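The values are calculated or read from the model by the stated rules, or taken from the named source; none is laboratory data. Since the model is a prediction, treat every value here as computed from it, not as a measurement. Positions of Cβ are backbone-derived with ideal geometry, glycine not excepted, and every protein chain shown enters the neighbour counts. For accessibility, only protein heavy atoms count, side chains too; no ligands or nucleic acids. Shrake-Rupley method; radii C 1.70, N 1.55, O 1.52, S 1.80 Å.
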2 protein chains.
Amino acid sequence: MTGGAIRVSEIFGPTIQGEGTLIGEPTVFVRTGGCDYRCGWCDTLHAVDPTFRDTWRPMTAEAILARVRDLSGGRPLVVSLSGGNPAIQPLGELIALGRGEGYRFALETQGSIPRDWFAALDTLVLSPKPPSSGMAPDWQAFEACLAAAGAAPRTVMKIVVFDAADYRFAREAAARHPQLAVFLQPGNLVTGKASPDEAADLEALAARMRWLVETVIADGWFAARVLPQLHVLLWGNRRGV
Amino acid sequence: MTGGAIRVSEIFGPTIQGEGTLIGEPTVFVRTGGCDYRCGWCDTLHAVDPTFRDTWRPMTAEAILARVRDLSGGRPLVVSLSGGNPAIQPLGELIALGRGEGYRFALETQGSIPRDWFAALDTLVLSPKPPSSGMAPDWQAFEACLAAAGAAPRTVMKIVVFDAADYRFAREAAARHPQLAVFLQPGNLVTGKASPDEAADLEALAARMRWLVETVIADGWFAARVLPQLHVLLWGNRRGV
């Protein structure tokens, strides 16, 4: 049990998960504030950049769970813990309390900070950051995250791909960890800002998705799954959906 | 082992699976010709309507597998058996041969014709047809399909939803079979024809997807997963992708 205040950027939903292994699954999102990374194309700067710190509220596990319960009408569903990097926060108590009521927990992190409470998750999504992010993964920390999770959660890798260098990185990351299912996701350049030409941005996103599918197929990498950010295709880069 | 000629409408891929439980997964599609149903909004009439019969070729299991091997460069991947209703065809031998080489098989059918070789599948997708199709499911045949499949394949339901009546149907179908994971899919009105205004059609599809998500969430049906036809969003209603 890990207590203490959790720094929350936003809690919203239920809506469907738009990405990765749980795509399409009704989900409440708990987005925490703060990140140890600064990816060049970060699409959730409002949960990362300290200039937004005033919008982050310290909340107890009980208060977060009360809000989740309220949003979901008390019906258990998947709670996605994201950020920022949610592994910065003390989330063990929230997970334990929520699971006691039937909620399931997925956590998405770059894998830079291992936590013993990873083992209590239902799904752990590790997203090592490719070269286009400007960040370099710490593979030692990544492996410590895998070890902390152990066999309990379903652990997968999700890798954002903007270009050929990112694709090579994804191939290498997968080769390091052949036991993990891999989800490739075309990068989203819109970075959460209101866009002057959202239709063009969506077409660029769809075009990058088509390129990524063609690349995976031409390369014969049939163990990879390729999925777009469905919520962006359907709703654009609006927050809260 | 079920021998005999298989009536094939088209074999294409690899591309990603655009729908349901295997969404995003590199897949070769084997589409058989012929169907015992005539859904009003069928989007694969070229594999259903006997006026297209001249385009369907009788092929042996070996010949189909040779083509799949050729398309996939001999690297095993998922083979999706669809139609029309592929359960009309004798597919047992193809599945046995392909699995022997590491290919995995998914079959998509309305669940009107049970086959003992369902038990050899990796994934069985049963798609009972909602009221908007103009067809009524035969639940006795559907249950015979479940019994034929047994515990071996992952069996799921995928239900197309155009409107509120279809949604109620999906709820009832799920209540009949609470052990099956349910995937809801917004209906696609474009029906495979070249469209005078594809952009408008895609916007209508996205709008129906948003409505379906809102309906599921408002109803608190959190066990359902909601996924669009991703290939239509990304490529439009072109064949062979």
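For the reader, a short list of remarks on this structure follows.
- Only residues that are in contact with a Lys or Arg (Cβ under 9 Å, 6 or more places away or on another chain) and open to solvent by 30 Å² or more (accessible area, probe 1.4 Å) were counted across the stretch B:123-142, and they come to 6.
- Residue A:94 meets the conditions (1) surrounded by fewer than 23 Cβ atoms within 10 Å (Cβ to Cβ); (2) in contact with an Asp or Glu (Cβ under 9 Å, 6 or more places away or on another chain); (3) not small (Gly, Ala, Ser) in every case but one. The failed one is (1).
- Summed over the stretch A:43-53, the residues that are farther than 25 Å from residue B:225 by Cβ, in a loop (DSSP other than H, G, I, E, B) and in contact (Cβ under 8 Å) with a residue 24 or more places away in the chain give a count of 1.
- Condition met for residue A:205 (modelled with pLDDT under 95 and buried (at least 16 other Cβ atoms within 10 Å of the Cβ)): yes
- Checked across the stretch B:100-109, the condition of being surrounded by fewer than 22 Cβ atoms within 10 Å (Cβ to Cβ), at pLDDT 95 or above and more than 24 Å from residue A:224 (Cα to Cα) holds for no residue.
- Residues that are surrounded by 22 or more Cβ atoms within 10 Å (Cβ to Cβ) and more than 21 Å from residue A:185 (Cα to Cα), drawn from the stretch A:110-119: A:115, A:118
- Helices (runs of 4 or more DSSP H) contained in the stretch B:92-178 and holding at least 2 residues on the phi < 0 side of the Ramachandran plot, without any contact (Cβ under 8 Å) to a residue 60 or more places away in the chain and within 18 Å of the chain's Cα centre (by Cα): B:139-149, B:164-176
- Residue within the stretch A:215-235 that is at pLDDT below 95, touching a Lys or Arg at 6+ places or on another chain (Cβ under 8 Å), within 22 Å of residue A:26 (Cα to Cα) and open to solvent by less than 70 Å² (accessible area, probe 1.4 Å) present: yes
- Taking every residue in the stretch A:213-224 that is at the interface with another protein chain (Cβ under 7 Å from one of its Cβ atoms) and pairing it with any residue that is surrounded by fewer than 19 Cβ atoms within 10 Å (Cβ to Cβ), at least 6 positions away or on another chain, the pairs with Cβ-Cβ distances below 6 Å are A:220/B:73; A:220/B:75; A:222/B:75.
- For the residues A:142, A:105, A:118, the requirement of being touching a Cys at 6+ places or on another chain (Cβ under 9 Å) and aromatic (Phe, Trp, Tyr) singles out A:118.
- Scanning the stretch A:156-179 for residues that are more than 30 Å from residue A:236 (Cβ to Cβ) and open to solvent by less than 20 Å² (accessible area, probe 1.4 Å) gives A:174, A:177.
- From the list B:6, B:11, the lone residue that is touching a residue at least 40 places away in the same chain (Cβ under 8 Å), surrounded by fewer than 22 Cβ atoms within 10 Å (Cβ to Cβ), of a type outside the set (Gly, Ala, Ser) and more than 14 Å from every other protein chain (Cβ to nearest Cβ) is B:11.
- The residues on offer are A:87, A:106, and the sole one that is among the aliphatic types (A, V, I, L, M), more than 14 Å from chain B (Cβ to nearest Cβ) and closer than 30 Å to residue A:140 by Cα is A:87.
- Only one of B:24, B:40 that is within 14 Å of chain A (Cβ to nearest Cβ), under 30 Å from residue A:206 (Cβ atoms) and small (Gly, Ala, Ser): B:24
- Residue count for the stretch B:62-82, restricted to those that are touching a residue at least 40 places away in the same chain (Cβ under 8 Å), open to solvent by less than 10 Å² (accessible area, probe 1.4 Å) and outside any strand (DSSP E or B): 4.
Here is a yes/no grid of residues against (1) surrounded by fewer than 23 Cβ atoms within 10 Å (Cβ to Cβ); (2) without any contact (Cβ under 8 Å) to a residue 24 or more places away in the chain; (3) touching a His at 6+ places or on another chain (Cβ under 9 Å):
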| residue | (1), (2), (3) |
| --- | --- |
| A:21 | yes, no, no |
| A:32 | no, no, no |
| A:41 | yes, no, no |
| A:55 | yes, no, yes |
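- Filter result for residue A:57 (within 15 Å of residue A:94 (Cβ to Cβ), away from chain B (no Cβ under 13 Å) and of a type in the set (Lys, Arg)): yes
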